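The values are calculated or read from the model by the stated rules, or taken from the named source; none is laboratory data. Values in this document were obtained by computation on a predicted structure and should not be read as measured data. In this analysis, Cβ positions are derived from the backbone assuming ideal geometry, glycine residues included, and neighbour counts consider all displayed protein chains. Protein only, heavy atoms only, side chains kept; ligands, DNA and RNA dropped before computing areas. Shrake-Rupley method; radii C 1.70, N 1.55, O 1.52, S 1.80 Å.
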Amino acid sequence: MDQFLVDRGELQVAGMPLRLLAARVGSTPFYAYSRQLLQARVAQLRAALPAAVKLHYAMKANPMPAVVGFMAGLVDGIDVASAGELAVALDAGADPAEISFAGPGKRDPELVQAVAAGVLVNVESMRELPVLARASQALGLPARVAVRVNPDFELKGSGMKMGGGPKQFGVDVELVPELLAFAAREGLAFEGFHLYAGSQNLKAESICEAQAKSYELALRLAEHAPSPVQFLNLGGGFGIPYFPGEQALDLAPIGANLQAICERATRELPQAHIVIELGRYLVGEAGVYVARITDRKVSRGQVYLVTDGGLHHHLSASGNFGQVVRKNYPVTLSPGLAGRALGVELESASVVGPLCTPLDLLADRMELPVAQEGDFAVVFQSGAYGASASPQRFLGHPVCTEVLV
Ligand SMILES: *Cc1c(COP(=O)(O)O)cnc(C)c1O
């Protein structure tokens, strides 16, 4: 992929030939994430979006502690979805005032931990309110809350829809006035609204439409709020291209749309900070997954490059993480530690893992240079929903390593 250079047939990661990095890591398979690419991505967003928009990192996309620590220094806040993630974010040095905690089914101890840490809780159910109120009283600290709203519209063309219609996420918009009244009675510290319509979207137009509708909805709901809106999270959903024919998201119209929203907010919700929360878009393109070819098999004319990595580390590249139709992630090969160059001609080869299931497929009949045992197979676009989103214990193979370089 364009983010990573190839020098004389060898992939470079953070200025290092892959062989050198692999020797440094010491074992395969591994994920490598590039600081330089993470930084460049945040800079690109800052340049395209209004300065007033706060940028949050949704750390479920990549919760590696070193990545969270690095991102905490670049963005304006961290979004967590469990007390486990909250602990990582706090350890990483994220400012609790700028951490928000969303997710259905928050357990009572998680809510107590959130109040004790002083983070903002995005409330997704009536039942969270009395638990938060009790924690607030017991600890003598305010329970900072925003309401996660399940809107009455969807983010069109999303890989995953997380709002609109019946959903386990958020509180249905029609119930929000009642919830706000309850929150006020319980003495909770209301701060604003959180709207999240969907994920992995490559259509700027759909994202703009969802943001505009989210703003309108928040404006209507603000009339029922016990205090001025200070926090307005308009969601994210920015996608990255994975498959042939997909185009990178055009940020220019999104920047213009957010600029218009910010200008209105200055008049209509003067105390509100506009927030967008991104996971995959911030980290997805900054990472590669590297496995070593352990066998080259030919079965009835079809070449199989068997590797030491597979779906147990990279479920999404195998096509089993929410995809409807399996397509190949971008994959390349790079010379192994023996230093022998890859063959010049291309052949059709499938890259598979060691698991005893046909689902363990990293590349299905791709045109690749002729490779041998010891060479590396590399999956691009692997910085998000990789190691932590994969069933590492399935079949008892070794877990993978992660490095930030
Ligand atoms: C998963 C999630 C995100 C991040 O989604 P990406 O597609 O990685 O950007 C952001 N916000 C919420 C509420 C989420 O659940």
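Some points to look at:
- Among the helices (runs of 4 or more DSSP H) confined to the range 226-329, the ones with at least 2 residues that are of a type in the set (Lys, Arg) are located at 251-268.
- Unmet requirement for residue 66, which otherwise passes all of (1) surrounded by fewer than 23 Cβ atoms within 10 Å (Cβ to Cβ); (2) within 28 Å of residue 175 (Cα to Cα): (2)
- Any hit, the range 234-249, residues being out of contact with any Phe, Trp or Tyr (no Cβ under 7 Å at 6 or more places or on another chain), under 30 Å from residue 328 (Cβ atoms) and among the aliphatic types (A, V, I, L, M): yes
- Within the range 123-137, being buried (at least 16 other Cβ atoms within 10 Å of the Cβ) and part of a helix (DSSP H, G or I) holds for 128, 129, 131, 132, 133, 134, 135, 136.
- Odd one out for residue 159 among (1) in contact (Cβ under 8 Å) with a residue 60 or more places away in the chain; (2) in contact with a His (Cβ under 9 Å, 6 or more places away or on another chain); (3) surrounded by fewer than 19 Cβ atoms within 10 Å (Cβ to Cβ): (2)
- When the range 188-215 is filtered for residues that are of a type in the set (Phe, Trp, Tyr) and either away from the ligand (no atom under 13 Å from the Cβ) or surrounded by fewer than 21 Cβ atoms within 10 Å (Cβ to Cβ) (or both), the ones remaining, listed by number, are 190, 215.
- Matching residues, the range 49-70, being within 16 Å of the ligand (Cβ to nearest atom) and either touching a helix residue (DSSP H, G or I) at 6+ places or on another chain (Cβ under 7 Å) or of a type in the set (S, T, N, Q) (or both): 49, 53, 55, 57, 59, 60, 61, 62, 63, 67, 68
- Here 259, 247, 271, 230 are screened, and the one residue that is within 28 Å of residue 389 (Cα to Cα), more than 15 Å from the ligand (Cβ to nearest atom) and open to solvent by 10 Å² or more (accessible area, probe 1.4 Å) is 247.
- Residue pairs meeting the criteria (Cβ under 7 Å; at least 6 apart or on separate chains; first closer than 15 Å to residue 111 by Cβ, in the range 74-90; second within 15 Å of the ligand (Cβ to nearest atom) and open to solvent by 40 Å² or more (accessible area, probe 1.4 Å)): 81/60; 85/60
- Scanning the range 309-362 for residues that are touching a Lys or Arg at 6+ places or on another chain (Cβ under 6 Å) and modelled with pLDDT of 95 or more returns 319, 348, 350.
- Residue match in the range 340-347 (condition: free of Cβ contacts under 8 Å to residues at least 12 places away in the same chain and in a loop (DSSP other than H, G, I, E, B)): no
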